[in-house]
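Q: First the structure, which I've put down as structure tokens, then a few questions once you've had a look.
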Amino acid sequence: MQASEQHRSSSMYYQPLQQIEAYCLPQYRTLNQQLFYHDGGHGTHFSTPSSSELYCTLESSSVAGSFTLYNSPSTLSFSPNGSPISQHESQSYPSDQYHSPENTYGSPLSGSCITDDLSSFKHKLRELESVMLGPDSDNLDCYDSAISNGNNFASLEMDSWRQTMVAISSKNLKHILIACAKAIADNDLLMAQWLMDELRQMVSVSGDPIQRLGAYMLEGLVARLAASGSSIYKALRCKEPESSELLSYMHILYEVCPYFKFGYMSANGAIAEAMKDEERVHIIDFQIGQGSQWITLIQAFAARPGGPPHIRITGIDDSQSAYARGGGLHIVGRRLSKLAEHFKVPFEFHAAAISGCDVQLHNLGVRPGEALAVNFAFMLHHMPDESVSTQNHRDRLLRLVRSLSPKVVTLVEQESNTNTAAFFPRFLETLDYYTAMFESIDVTLPRDHKERINVEQHCLARDLVNIIACEGVERVERHEVLGKWRSRFAMAGFTPYPLSSLVNGTIKKLLENYSNRYRLEERDGALYLGWMNRDLVASCAWK
């Protein structure tokens, strides 16, 4: 930050927080009695009253237990397991490794600083204008003068300001989210805090899609300022519900949206086609999760003319998936073994409880005489590349797999560009992508569904917060579009493997069970699943 900006941080940003009623700051890391603002690894110090109130939007921010959610029109709270409770039931819980006292937010509900009274609105606007532009700019006419003198910068600034005012008065949630992210990107903390105050009156985890998404986007913005995104990502694991009678939240998402089924079916089709004449098949799954992908493939192999092959699956896993399953890889192995036994398919399961970044050749258990298939389903985007680490695990894994001479390698990834993008364009991309995702959930999972909030909070919100709030090695959600994946696979020595047209027809039939706003498109040897005009998931195969 330049010297002039450092000066403003102690004069410009401090004054309006005293003047404007109902403002409150999110939590900041304190160093030497000063606040520490973290943005992509660069800090800016500025002072603030020690009594400043803190706020959050969702449970994920309160890593000390229950907290207030800014819902509309009433206020909700969440218990640590994510279930809604009334405000008077809220209580504190002991901290643990993910619930540090350093990351505790309070939750005062402050009122809007925008009023329907025109004169009051103009007065407030002039107050903010005076603070932002200095004491010499005491009326809005200075903008008109600047514009008439050819000051394009002032013209653009004023146009943006007026658009923001219109968005607030019309309650345009998406526009205000974008303006807030832009303010944070520009280090305009006054504007950011004001817009956050407006946003938390508008978002709701039980509202329409943009209100629900807005709640989690706001959570990410708050966490970015508080430098607590990594802690929230760890706390918001996609976990099993408390009741053993309920399916996991991830399985609910799997059932109500076709994204996972699309990816698994397209990958399985390529594997089945490549292995149709093989007697011994070894599948290496780099993110096996709960093993759902292989249920239909085992059944398909069981029905193969001439009998099923001997199947061995190596399941690679990390601690996040283990938590979601409620236990280690032995759970997956037992489930798949019982299924294979039922369908009379010779089967072995090899567990590799290790992060993808740490996988080496000896972890894969490759044996001679087995036809090898490698599956990268919703996994490679978690691997840091050359922009994060000199080791570049993303390309290292591809080279390692290529050295094994597999018959087929399947890739399924979200069609989004968030890997190397700077914060603001990354925010815009995330907003656009997840708007489509939340709209699609709204079609198949009613808003009053008791588990919908848990599904979105534990299976989607954590990724959103990580993309928006984290930088460097702490940002593990790093998606790339298929064009970039093509370049990586080509550089590693792979060539495209054509997908079966039979698989395309099967997926089209699958989509008939969902909304007609889903669309399936084949382009350049790859399959894309989209919602209306937005591509969401891409699938392809390599050899």
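The values are calculated or read from the model by the stated rules, or taken from the named source; none is laboratory data. What you see is a predicted model, and the numbers here were worked out from it, not measured in a lab. Counting neighbours? That spans all protein chains shown, and the Cβs are built from the backbone with ideal geometry, glycine included. Calculation scope for accessible area: heavy atoms of the full protein, side chains included, ligands and nucleic acids excluded. Shrake-Rupley method; radii C 1.70, N 1.55, O 1.52, S 1.80 Å.
Q: Does I441 qualify as being under 13 Å from Y259 (Cβ atoms), crowded, with 17+ Cβ neighbours inside 10 Å and out of contact with any Phe, Trp or Tyr (no Cβ under 8 Å at 6 or more places or on another chain)?
A: yes
Q: Search the stretch 344-363 for residues that are farther than 11 Å from I316 by Cβ and pair each with any residue that is open to solvent by less than 40 Å² (accessible area, probe 1.4 Å) and of a type in the set (F, W, Y) when their beta-carbon atoms are under 9 Å apart and the residues are at least 6 apart or on different chains.
A: Correct list of pairs: V345/F301.
Q: Can you tell me which residues in the stretch 263-297 are under 31 Å from the mean Cα position of the chain (by Cα) and farther than 20 Å from W542 by Cα?
A: G289, Q290, G291, S292, I295, T296
Q: Let me ask something additional. Quick one: in the stretch 147-188, of everything that is under 21 Å from R212 (Cβ atoms) and surrounded by fewer than 15 Cβ atoms within 10 Å (Cβ to Cβ), which residue is modelled with the lowest pLDDT?
A: S170
Q: When only residues in the stretch 393-445 that are among the small types (G, A, S) and not in a helix (DSSP H, G or I) count, which is nearest to T495 (Cα to Cα)?
A: It comes out as S405.
Q: Among (1) farther than 30 Å from V222 by Cα; (2) of a type in the set (V, I, T); (3) under 22 Å from the mean Cα position of the chain (by Cα), there is one condition T506 misses while meeting the rest; what is its number?
A: (3)
Q: Turning to a different aspect of this structure: Looking at (1) surrounded by fewer than 18 Cβ atoms within 10 Å (Cβ to Cβ); (2) among the hydrophobic types (A, V, I, L, M, F, W, C); (3) over 17 Å from D463 (Cα atoms), which one does V401 not meet, given that it meets all the others?
A: The single condition V401 does not satisfy is (1).
Q: Just to be sure I understand the filter: pairs with C-beta atoms under 8 Å, separated by 6 or more residues or on different chains, first member in the stretch 417-428 and closer than 17 Å to L225 by Cα, second member among the basic types (K, R) and surrounded by 15 or more Cβ atoms within 10 Å (Cβ to Cβ). Which pairs pass?
A: F423/R224; F424/K182
Q: Please determine whether any residue of the stretch 516-534 is touching a strand residue (DSSP E or B) at 6+ places or on another chain (Cβ under 8 Å), assigned to a helix (DSSP H, G or I) and not β-branched (V, I, T).
A: no
Q: How many residues does the stretch 189-214 contain that are at pLDDT 95 or above and among the small types (G, A, S)?
A: 1
Q: Does K344 satisfy the condition of being on the phi > 0 side of the Ramachandran plot and at pLDDT 95 or above?
A: In short, yes.
Q: Moving on to the next point. Restricting attention to the stretch 255-287, which residues are β-branched (V, I, T) and farther than 25 Å from P496 by Cβ?
A: Matches in the stretch 255-287: V256 only.
Q: Looking at S337, S321 in this structure, which one is modelled with pLDDT of 90 or more and out of contact with any Lys or Arg (no Cβ under 9 Å at 6 or more places or on another chain)?
A: That would be S337, the only listed residue that is modelled with pLDDT of 90 or more and out of contact with any Lys or Arg (no Cβ under 9 Å at 6 or more places or on another chain).
Q: Then there's this: Quick check on my filter: what residues within the stretch 489-515 are part of a strand (DSSP E or B) and either open to solvent by 70 Å² or more (accessible area, probe 1.4 Å) or over 30 Å from N392 (Cα atoms) (or both)?
A: If the condition is that a residue be part of a strand (DSSP E or B) and either open to solvent by 70 Å² or more (accessible area, probe 1.4 Å) or over 30 Å from N392 (Cα atoms) (or both), then P496 is the only one that fits.
Q: Something else now. If a residue counts only when it is open to solvent by 50 Å² or more (accessible area, probe 1.4 Å) and within 19 Å of T410 (Cα to Cα), which helices (runs of 4 or more DSSP H) contained entirely in the stretch 254-372 have at least 3 such residues?
A: The helices (runs of 4 or more DSSP H) meeting that bar are 293-302.
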